[in-house]
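Structure first, commentary second.
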């Protein structure tokens, strides 16, 4: 069973690195670079990159959710609700991490399943105003997702102090 726990931890960490790294690249490298190329090519590149990252991002979100639920269940096995929330600094920080993770997963789901298809539809319909506003919202949520990823990483570092 120890090997399984190690594998789940590795999957959780790998998915988090890919997710946060992808958000960083998308928000800080790709999106600003699109402003420097022909608008038609930028639109097409954005669409291709968004759809590829969407597939990777959804896979990472699923892996993070499933592995995170399993890891959390192992930490709180046989513990009452009150003890689970308040018994140690480690557990209080863990719940902050879980809450930030839930917000991040919700934002990623909204971008992946609502905003990305809306952006593609706007681009295909040549609705520049809708494409621009949806693209800006995706950029803002991508940056927010990256910030949440950094906050979650800080929580993990602080949890290590208390473990």
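Laid out as a table, the results:
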quantity: Wholly within segment 1-104, helices (runs of 4 or more DSSP H) carrying at least 3 residues that are under 13 Å from the mean Cα position of the chain (by Cα) and over 25 Å from residue 127 (Cα atoms); calculated: 2-25, 39-75
quantity: Selection status of residue 25, modelled with pLDDT of 90 or more, surrounded by 13 or more Cβ atoms within 10 Å (Cβ to Cβ), touching a helix residue (DSSP H, G or I) at 6+ places or on another chain (Cβ under 9 Å) and closer than 21 Å to residue 113 by Cα; calculated: yes
quantity: Flag for residue 132 being closer than 30 Å to residue 44 by Cβ and surrounded by fewer than 16 Cβ atoms within 10 Å (Cβ to Cβ); calculated: yes
quantity: One residue from 58, 62 being without any contact (Cβ under 8 Å) to a residue 12 or more places away in the chain and closer than 15 Å to residue 16 by Cα; calculated: 62
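The values are calculated or read from the model by the stated rules, or taken from the named source; none is laboratory data. Note that the structure is a prediction, hence the values are computed from the model and not measured. FYI the Cβ positions are ideal-geometry reconstructions off the backbone, even for glycines, and counts take in every protein chain you see.
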